[in-house]
Amino acid sequence: MTPAAPKATSVEVSEGAASACQKELIALSKVNQNQYAKKKAAFEQLLDSASVYTSVREDIGSQTRDTMDALYKYKTQKLCSDIEQTVRQSLINRGEGFK
């Protein structure tokens with residue numbers, strides 16, 4: 001019998017999402033420098049905040065940990081969704097800009 005793979009924590013899931021999000025951010029840098037600067041600043045702020053949380057995560061109670069895991073998962077998904085939408089809209093604007 002094969003042992004089950006360990007379940008990923010929300011922090012690990014968020015880190016994976018952040019990696020995918022970073023690719024979208026790189027794409028945004030190529031299509032809209034102004035929005036890229038804004039989204040990059042927000043992304044870096046989120047990563048800094050998450051890094052502080054990760055450093056104390058094992059020292060806090062399970063209820064607080066569950067709450068904060070959910071918060072960072074939401075914040076990561078929301079920011080990544082905003083970045084994806086900005087990339088799409090920037091590409092649409094460029095596509096509609098030429099005739």
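The values are calculated or read from the model by the stated rules, or taken from the named source; none is laboratory data. Just so it is clear, the model here is predicted, and its values are computed rather than measured. Note that each Cβ is placed from the backbone with ideal geometry, even for glycine, and that neighbours are counted across all protein chains shown.
Remarks
- Some residue of region 68-83 being at pLDDT 95 or above, charged (D, E, K, R) and over 16 Å from A18 (Cβ atoms): no
- Selection of region 1-46 for residues being at pLDDT 85 or above, polar (S, T, N, Q) and more than 22 Å from D66 (Cα to Cα) yields Q22, S29, N32, Q33, N34, Q35.
- Filter pass, T54 being modelled with pLDDT under 95 and surrounded by 12 or more Cβ atoms within 10 Å (Cβ to Cβ): no
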